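Student: Mind looking over this structure? Questions follow.
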Amino acid sequence: MRLIQISDCHFRAKANELRYGQNADANLERMLSQVRAWRPDRIVATGDLADTASVEAYERLFERFRSLACPVHVLAGNHDDLGAMRSQLGQGIDQPLWIDHPPWRLVMINSHVDGQPWGRVSREELKRVEQAIDCPHHVVAFVHHPPAPVGSPWADRQGLTNGNELVNMLLNKPIELLSFGHIHHLWQGRYRGLKMVSAPATFSQAKPGCTRFIDDDRPPGARWFELGENGELASGVLRAL
């Protein structure tokens, strides 16, 4: 399976509206040109899809996603509005609990908390995740907020408040990988033995290691995965030209 993770699009209500000097529409279109050329089987979009609670933003964004001609599976981030987002689902875009593509299962973990920049995996969601990873497949999990420190103080203040609880669960039945968004820059490593990576943003990039969000001049990005029939996993980053 060829898989692309898109994150942190931050679409505004009006097309081509600038924020911090960045055009979310134009940046995403630059990125999607690379995604189309890569020809994924599926796409996961891991939150902060819109920047404001705007149906128009999701309508416009999902129209772009549908042009990719493959299934797109979405999660909410801290900037997202669940009602507005869900009103635009359908026609190839969904918000599943998990996706089976044997021998792989993709588990989608909801960390959205209304009105808060930080995330939390609810008790009900933890139970669902526990059920989802108890399967015979190889598992890759996706969440918006990082469950562990990433070395950028502004992002570490806005991570998962119960990240250790989630990590404990994922280590009980070792999964292959956990991938997240939110931090707008690349990160990879292990936390208590759990392999984790981040996806860059399609909107603005952040300089790693900063106490506040500082724009980086790197182009929009996305993370790719190749998930093999015998459990092989490779991953890397696509950048817009």
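Rule-based calculations on the coordinates, nothing more; no lab input. Computed from a predicted structure; not experimentally measured. Heads up, the Cβs are rebuilt from the backbone with ideal geometry, glycines too, and the neighbour counts pull from every protein chain shown.
Student: Once you put a point 7 Å from the Cα of Asn23 and another 7 Å from the Cα of Asp215, both along the Cβ direction, what distance in nm separates them?
Tutor: Output for this residue pair reads 1.3 nm.
Student: Of Val143, Ser87, Phe62, which is farthest towards the positive pole of the chain's charge dipole, taken about the Cα centre with +1 and -1 on the beta-carbons of Lys, Arg and Asp, Glu respectively?
Tutor: Final value for the positive-end residue is Val143.
Student: Lys127: which lysines have alpha carbons under 18 Å from its alpha carbon, excluding same-chain residues fewer than 8 sequence positions away?
Tutor: List returned: Lys173.
Student: Please say if segment 1-112 is rounded, prolate or oblate, where rounded means a/c under 1.5 for a ≥ b ≥ c the square roots of the C-alpha gyration tensor eigenvalues, and otherwise the choice is prolate for a/b larger than b/c and oblate otherwise?
Tutor: Note, shape of segment 1-112 comes out oblate.
Student: Viscosity 0.692 mPa s, temperature 37 °C: what is the translational diffusion coefficient of segment 2-239 from Stokes-Einstein with a Kirkwood Rh over Cα pairs, rounded to a whole number of µm²/s?
Tutor: The estimated diffusion coefficient comes to 187 µm²/s.
Student: Is it possible to state the helix-based mean residue ellipticity at 222 nm for the chain, with each DSSP H run of 4+ residues giving -39500 (n - 2.57), the sum divided by total residues, to the nearest 500 deg cm²/dmol? What is it?
Tutor: Rounded to the nearest 500, the figure is -7000 deg cm²/dmol.
Student: Sticking with this structure for a sec: How high is the relative contact order of the chain, given as a whole-number percent (alpha carbon pairs under 8 Å, six or more residues apart)?
Tutor: Relative contact order comes out at 21 percent.
Student: Need one number: % antiparallel among DSSP beta bridges in segment 2-239, to the nearest 5.
Tutor: 50
Student: Follow-up. Expected output is a single nm value to one decimal: the length gained when fully extending between Asp114 and Trp38, i.e. 0.36 nm times separation in residues minus the C-alpha distance. What is it?
Tutor: 23.9 nm
Student: Ok, one more. Mind putting a number on the dipole of the chain about its Cα centre? Charges go on the C-beta only, +1 for Lys and Arg and -1 for Asp and Glu, and I need it in Debye to the nearest 20.
Tutor: Around 360 debye, computed over the chain.
Student: Also: Could you work out the relative contact order of segment 29-162? I mean the mean sequence separation of Cα pairs under 8 Å and 6+ apart, divided by the number of residues, in percent.
Tutor: So the answer I get is 21 percent.
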